[in-house]
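A short worksheet on the structure shown next.
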Amino acid sequence: MRSVLINFETLSLNSTLEELPSYDCSIDQHVLGKDLDGLFSKDHQLPGVLIMDHKKLAGVISRDTFYEIIGKQFGTEIYLRRAITVMLDRIFH
């Protein structure tokens, strides 16, 4: 995982995409929700993660969406102890 600190002072209206902050974070679809919570807790600037099924993209979960779902009634009980694909199913269905 690679994260980049954002220095907005160097950005301007003429900045290119290359100059924008970016993140490179992916996890396997079988990772537990509590482990994703750990990633978000360790890097507070991480906006989200790519969920991979081997080398194929299975989905994307943003920090906001993750904590919105976890914050609902029984969210921690349902999602933290299960594979992150359970949350993906909830998001896309």
Determine which single condition F92 fails, assuming it passes every other condition in (1) within 20 Å of Y23 (Cβ to Cβ); (2) at pLDDT below 95. (1)
Subset of segment 32-51 [over 14 Å from Y67 (Cα atoms), touching a residue at least 40 places away in the same chain (Cβ under 8 Å) and touching a strand residue (DSSP E or B) at 6+ places or on another chain (Cβ under 7 Å)]: L32
Of the listed residues (F66, F40, F74), the one being among the aromatic types (F, W, Y), under 11 Å from the mean Cα position of the chain (by Cα) and within 17 Å of D89 (Cβ to Cβ) is F66
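Which residues, taken from segment 43-63, are more than 12 Å from the chain's Cα centre (by Cα) and surrounded by 14 or more Cβ atoms within 10 Å (Cβ to Cβ)?
Scanning segment 43-63 gives a single hit, A58.
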In segment 11-25, which residues are surrounded by 13 or more Cβ atoms within 10 Å (Cβ to Cβ) and either hydroxyl-bearing (S, T, Y) or modelled with pLDDT of 95 or more (or both)? Y23
Give me a count of the residues in segment 14-69 that are in contact with a Phe, Trp or Tyr (Cβ under 8 Å, 6 or more places away or on another chain) and within 16 Å of L80 (Cβ to Cβ). 8
Within the set of pairs 6+ apart or on separate chains, which have a first residue in segment 68-93 that is in contact (Cβ under 8 Å) with a residue 12 or more places away in the chain and over 20 Å from P47 (Cα atoms), a second that is assigned to a helix (DSSP H, G or I) and among the charged types (D, E, K, R), and C-beta atoms under 8 Å apart? R81/K34
Please determine whether any residue of segment 83-92 is exposed (fewer than 11 other Cβ atoms within 10 Å of the Cβ), in contact with a strand residue (DSSP E or B) (Cβ under 8 Å, 6 or more places away or on another chain) and outside any strand (DSSP E or B). yes
Selection within segment 8-49 - of a type in the set (G, A, S) and either within 21 Å of T76 (Cβ to Cβ) or part of a loop (DSSP other than H, G, I, E, B) (or both): S12, S15, S22, G33, G38, S41, G48
Report, by residue number, each residue of segment 53-67 that is within 18 Å of F40 (Cα to Cα) and in a strand (DSSP E or B). G59, V60, I61, S62
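The values are calculated or read from the model by the stated rules, or taken from the named source; none is laboratory data. As the structure is a prediction and not an experimental result, all values here were calculated from the model. For neighbour counting, all protein chains shown are included, and Cβ atoms are generated from backbone atoms with ideal geometry for every residue, glycine included.
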